[in-house]
Amino acid sequence: MTITFRVRTDLSERSCWICGSQNRAKDHFCSNCGVQLTHLSQSKTSRAFIGPKDFSTVGIFILVLGTLLSVFGYLIGIVPVMALGLGALILGVMLVFLPEPMSSKAGTLAILCSLPSFLDLEAFLQDLDIAPRGIYIPVAGFGAVPKVLIPMTDSAPSISPPPKLARSNRVFITLGRNTNQRGILLRPPGAEIISALENLLQLDLSTIKLDELSGRMGFAFEMLGISKRTVGVQMEETAVRVQMSLVSLVDLEERLRSEAPRLVEQVGSPLTSAIAGAVSKVTGKYVRLSDSSINGSNLIVTLELLADVSK
């Protein structure tokens, strides 16, 4: 009698970059949270941009190389070598001491192009003179973005508006039988950030739990060049507090707080509204922006959780 043993060679494990659970080496998706394992962290194109630190490092190297070539060319009396060294020296100085690389200037230009739209929305809110803060209406589905409702008066229908409004294209809506219970339905300023976040993670945020949001949001925001990977998401009784250290959009956040304070307070800036929309999708609750502040590069957003969408 012959007994044959088959030795499996695919049982080596690797950790999930989101939840940390162990998976087999041949698995392409995490068995715990379902995220794709062979993600941007294993791709040669995981870094789609060169940051200021990279320019400084390269600049220092070229600066030292240019200095050595210049001195060497001068000592041996070879003019082309000395000219090459001087050229490298000038290039190194430019890379080290110029305040912004071209990618940063392009990002600044994009912010300046979008700023007039935010200022127009600020003027719109001021003309209507609406006091209540916006309510984010939760929605499910990959790529679906929550809408934000700004009620004209505080009332029960305005606290928990019909979920179907999240897919409506109307702007002025009536919430109840009383024609005075009206509101303004807007696509939040950070709608495209929410879409980019889901596309990068390849998942529908409404399918995960709140305690998973910190790691996933931190990874996505770092890859998008918005913040550092460490993102704090703290759950309180009826509120969620999100804290992160920004690496971009700081100027936009500060400028909107001075030039469009009503928009920032009632709806949110692009980043704070993206955070509010993401929390709304994850929790399945109506969300209202309670407070947001920025100190240097440190952004803190406090969100109020209202009724569940199913109630």
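Structure above, values below:
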| read-out | value |
| --- | --- |
| Close pairs from segment 218-239: first within 21 Å of LYS285 (Cβ to Cβ), partner of a type in the set (Val, Ile, Thr) and not in a helix (DSSP H, G or I), Cβ under 8 Å, at least 6 apart | VAL231/VAL242; GLY232/VAL242; VAL233/VAL240; VAL233/VAL242; GLN234/VAL240; GLN234/VAL242; ALA239/THR302 |
| Enumeration of residues in segment 40-60 that are part of a helix (DSSP H, G or I), of a type outside the set (Asp, Glu) and either surrounded by 14 or more Cβ atoms within 10 Å (Cβ to Cβ) or at pLDDT below 75 (or both) | LEU40, SER41, GLN42, PRO52, LYS53, PHE55, SER56, THR57, VAL58, GLY59 |
| Failed item, numbered, when SER293 is tested on (1) surrounded by fewer than 16 Cβ atoms within 10 Å (Cβ to Cβ); (2) farther than 20 Å from LEU201 by Cβ; (3) at pLDDT below 90 | (3) |
| Selection status of PRO270, under 19 Å from SER114 (Cβ atoms) and either under 10 Å from the mean Cα position of the chain (by Cα) or among the hydroxyl-bearing types (Ser, Thr, Tyr) (or both) | yes |
| Unique residue being in the same structural domain as GLY284 (by TED's automatic domain parsing) and modelled with pLDDT under 80 when the list is LEU115, LEU149 | LEU115 |
| Residue list for segment 192-210, restricted to those being touching a strand residue (DSSP E or B) at 6+ places or on another chain (Cβ under 9 Å) and assigned to a helix (DSSP H, G or I) | LEU201, LEU210 |
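The values are calculated or read from the model by the stated rules, or taken from the named source; none is laboratory data. All values derive from a computational prediction rather than experimental measurement. With ideal geometry, Cβ positions are generated from the backbone for all residues, glycine too; neighbour counts draw on all protein chains shown.
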